[in-house]
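The structure appears below as structure tokens.
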Amino acid sequence: MATRGFPEGFAWGAATASYQIEGSVTADGRGASIWDTFAHTPGKVLNGENGDVAVDHYARYAEDVALMGSLGLNAYRFSLSWPRIQPGGRGVNGAGLDFYKRLVDELLEQGITPYATLYHWDLPQELQDAGGWPERDTAYRFAEYAQVAHEALSDRVKHWMTVNEPWCAAFLGYGSGDHAPGLRSSAQAVRAAHHLLLAHGLAAPLLKANDCLVGAAPNLYAVTPVSDSEADLDAARRIDGLQNRFFLDALLRGSYPEDVVADLEPFGFADVVQPGDLDLIGGKVDFLGINYYSRHTVSADPDAAGMVATSPFASASPWPGAESVAFVNAGRPVTDMGWEVDPGGLHEILTRVAKEYPSVPLYITENGAAYVDTVADGGVDDQERLDYIEAHLAACHDAIADGVPLKGYFAWSFLDNFEWGWGYGKRFGLVYVDYETQVRIPKSSAHWYGRVARHNGLS
Ligand SMILES: OC[C@@H]1[C@@H](O)[C@H](O)[C@@H](O)c2[nH]c(CCc3ccccc3)c[n+]21
């Protein structure tokens, strides 16, 4: 019995994303995505690794779902591969949809509720060739894609997220260039950010049909200045504005924060937003997903590159708005990504969102940690990852006690997988994957997390 119980019906899940786990990149008509192109471009991914095979989930999905069920998870967040469903970004590939029908049927068979993300960064390459997210038409292509996927799956999938982390897709993909498509233009990045939100706004009403619920999954950080000097306070305002408030205000209020709009003016942001766009974007979600990993501690530093480790090749060009901001460690323990372990930051974000954007049901749609894992005697003792998750779940429990309407938690990630610019060098999984043999080994954290799910709470 749990001494720190969670609300009845709490969703206990794990999360993955299509390009990071599926492999089978040309099977059954799948077209290329910008991540296929980017990963195959020399110098973009550590050791030249890519998602061609990944962890072979396209072939092994039934085994993976059975493992989720045997561990005790009751929810699973995954993403649909746009180029598998619409090769070239148009039409309908029935064989691609059939994979997700098979996957969802396995989940329902195991009593696991599916939560589908439509966009987790794998834009069809042909749409990038036509301009990508800086091109307004891409938002309309996304709405069509959402309609196709929803028609095929909404009889069985009732929880939909439009976009995973629009900040990353825009500012890492088009600003710093550390993510696909690897462009480095602040003007393109701010255009992409708006059009990703517009895509959400166009798709959200369509996704509510057939008694479905729709959300989005921005990545949010607690943000703290290193001192209360005016310069450091302004650095924190700028990062909090661009990382958090820009997306929260648009999604939940249908407005952009004036200070951030001013910060983005040098990049032509005012020309991107057309009349009516923000009314389309705002107030459409039935729930908000929050991806939380750590806190940003920032200082004003005219010489700073304005980058935090988002790839081993973190480029010197900062994302728009982060110029002359240094991201520093405040002395907390760090994960294998170099990210500080700060569960207090999760409590801070949850209570802030609940207070400033009231009455929106919340999910933690990603939270987890990379640590170096070692197989010994057929198991993996990952106590650090277990401790990280336990501390963040304790923060969730405290937030719920403080009145936060938190409905579920998804550990990132169910399986070790392709960690973007880091390739397979960073392991976030509850389940270890031997990349040579594809053998899955549940880590200690998986067994522990499954017990938490079955008991609906922490001991
Ligand atoms: O880096 C771990 C996970 C990724 O594997 C997920 O695909 C992505 O949704 C996600 N977001 C974040 C926080 C922002 C970030 C993304 C990628 C690289 C560095 C930071 C961490 N993660």
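The values are calculated or read from the model by the stated rules, or taken from the named source; none is laboratory data. Note that the coordinates shown come from a computational prediction; the quantities given were computed from them, not determined experimentally. Please note: Cβ atoms are built from the backbone with ideal geometry, for glycine as well, and neighbour counts cover all protein chains shown.
Tell me, please, whether a residue that is at pLDDT 95 or above, within 16 Å of the ligand (Cβ to nearest atom), touching a helix residue (DSSP H, G or I) at 6+ places or on another chain (Cβ under 9 Å) and within 25 Å of L233 (Cβ to Cβ) can be found in the stretch 310-320.
Within the stretch 310-320, not a single residue is at pLDDT 95 or above, within 16 Å of the ligand (Cβ to nearest atom), touching a helix residue (DSSP H, G or I) at 6+ places or on another chain (Cβ under 9 Å) and within 25 Å of L233 (Cβ to Cβ).
Can you tell me which residue within the stretch 1-27, out of those that are touching a residue at least 40 places away in the same chain (Cβ under 8 Å) and polar (S, T, N, Q), is surrounded by the most Cβ atoms within 10 Å (Cβ to Cβ)?
Looking at residues that are touching a residue at least 40 places away in the same chain (Cβ under 8 Å) and polar (S, T, N, Q), I get S18.
Of the numbered conditions (1) under 20 Å from K208 (Cβ atoms); (2) assigned to a helix (DSSP H, G or I); (3) over 22 Å from the mean Cα position of the chain (by Cα), A143 satisfies every one except a single condition; which is it?
(3)
Do we have P42 as away from the ligand (no atom under 16 Å from the Cβ), surrounded by 19 or more Cβ atoms within 10 Å (Cβ to Cβ) and more than 23 Å from L107 (Cβ to Cβ) here?
Judged against the criteria, P42 is not a match.
Consider D155 carefully, then state whether it is within 14 Å of the ligand (Cβ to nearest atom) and in a loop (DSSP other than H, G, I, E, B).
no
Restricting attention to the stretch 386-430, which residues are more than 16 Å from the ligand (Cβ to nearest atom) and basic (K, R)?
Within the stretch 386-430, K407 is the sole residue that qualifies.
How do the pairs read when you match residues in the stretch 82-96 that are of a type in the set (A, V, I, L, M) with residues anywhere that are outside any helix (DSSP H, G or I), using Cβ under 8 Å and keeping only pairs 6 or more apart or on different chains?
I85/V92; I85/N93; V92/Q86
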